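Novice: I have a structure I would like to understand better, so I am pasting it below and will then ask my questions one at a time.
The values are calculated or read from the model by the stated rules, or taken from the named source; none is laboratory data. These numbers were taken from a predicted model, which means no experiment stands behind them. Every residue, glycine among them, receives a Cβ derived from its backbone with ideal geometry; neighbour counts consider all protein chains shown.
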Amino acid sequence: MEPQFGLKRPDQVKDAPNQGERVPPGQFLSKKFPVLTYGSAPKVDLAAWTMRVYGVVEQEITLDWQQFTNLDWVTINADFHCVTQWSALDNTWEGVPFSTLVELAGVKPQARYVLAHCYGGYTTNLPLELALEEGFLAHRHNGSELGKDHGWPLRLIVPSRYAWKSAKWVNGIELLTEDSPGFWEQRGYNNNADPWKEERFWPELTR
Ligand SMILES: Nc1nc2c(c(=O)[nH]1)N[C@H]1C(S)=C(S)[C@@H](COP(=O)(O)O)O[C@H]1N2
Ligand SMILES: [Mo]
């Protein structure tokens with residue numbers, strides 16, 4: 001799998017040579033962190049903000065922002081790969097692991113999938129095992145609060161998948177027994193979305 005540095009656009013740079021090993025095929029390094037939103041950014045009021053964890057859980061929970069900030073916050077470092085071909089390496093995200101939040105509600109054994117819901121109606125789906133392993137709920141990016149267009153106050157981060165799985169303005173985590181395609185997954189994007197396998201679109205569409 002050869003990283004592709006042949007093409008270069010003005011806002012895309014090649015950094016240290018060894019970073020090539022961290023850039024998936026067909027991706028370019030970007031110094032910037034562009035905004036990619038379908039439609040417009042929803043207006044979110046922190047005083048009215050809630051996060052609901054429901055579905056196949058022991059006990060449904062709804063946290064307000066105060067309760068969410070009382071959870072144990074940690075910092076992670078992760079790369080970010082957008083299907084429109086830009087990658088941003090070494091992002092720091094501050095927030096709460098997906099597993100910390102979901103374990104408050106208690107996962108029932110038959111739960112296998114997650115559908116993340118957002119202000120504005122966007123959704124994305126994930127296998128529960130993957131979400132528990134690496135899913136992260138971020139409020140701060142590279143030392144600052146998320147910008148309003150980047151999902152403030154809270155977004156999901158799923159580092160090993162294309163970034164449409166990193167749902168912005170997330171406000172609900174639904175646990176399911178069966179997989180349920182999210183917004184882009186219903187519109188031709190690949191369900192698994194692994195950038196190292198270039199799982200951009202459904203195989204039928206790329207043939
Ligand atoms: N709620 C919501 N989340 C979303 C999107 C969206 O349109 N709405 N776009 C996705 C896509 S396609 C990408 S590449 C990333 C982009 O995140 P950014 O705008 O912070 O760069 O957000 C993802 N999360
Ligand atoms: Mo994207």
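Novice: Select the strands (runs of 3 or more DSSP E) contained entirely in the stretch 118-207, then report the ones holding at least 2 residues which are under 15 Å from W93 (Cα atoms) and at pLDDT 95 or above.
Specialist: 136-141, 155-157
Novice: Can I ask one more? I need the full set of residues from the stretch 158-194 which are within 14 Å of ligand 1 (Cβ to nearest atom) and small (G, A, S), in order please.
Specialist: Matches in the stretch 158-194: A163, S166, A167, G172, G182, G188, A193.
Novice: When you scan the stretch 71-113, how many residues do you find that are within 20 Å of P195 (Cα to Cα), in contact with a helix residue (DSSP H, G or I) (Cβ under 7 Å, 6 or more places away or on another chain) and either exposed (fewer than 15 other Cβ atoms within 10 Å of the Cβ) or aliphatic (A, V, I, L, M) (or both)?
Specialist: Residues that pass the stated criteria total 2.
Novice: Restricting to the stretch 119-156, give me the number of residues that are within 16 Å of ligand 2 (Cβ to nearest atom), under 19 Å from R52 (Cβ atoms) and either out of contact with any Gly (no Cβ under 7 Å at 6 or more places or on another chain) or among the hydrophobic types (A, V, I, L, M, F, W, C) (or both).
Specialist: Qualifying residue count, the stretch 119-156: 5.
Novice: Let me ask another. Could you list all residues from the stretch 44-71 that are outside any strand (DSSP E or B) and of a type in the set (G, A, S)?
Specialist: The answer is A47, A48.
Novice: Out of (1) at pLDDT 95 or above; (2) within 22 Å of G182 (Cα to Cα); (3) within 16 Å of ligand 1 (Cβ to nearest atom), what's the single condition that is false for T84?
Specialist: Here T84 clears every test but (1).
Novice: Out of L126, L137, L154, which single residue is crowded, with 17+ Cβ neighbours inside 10 Å and free of Cβ contacts under 8 Å to residues at least 40 places away in the same chain?
Specialist: Exactly one of L126, L137, L154 is crowded, with 17+ Cβ neighbours inside 10 Å and free of Cβ contacts under 8 Å to residues at least 40 places away in the same chain, namely L126.
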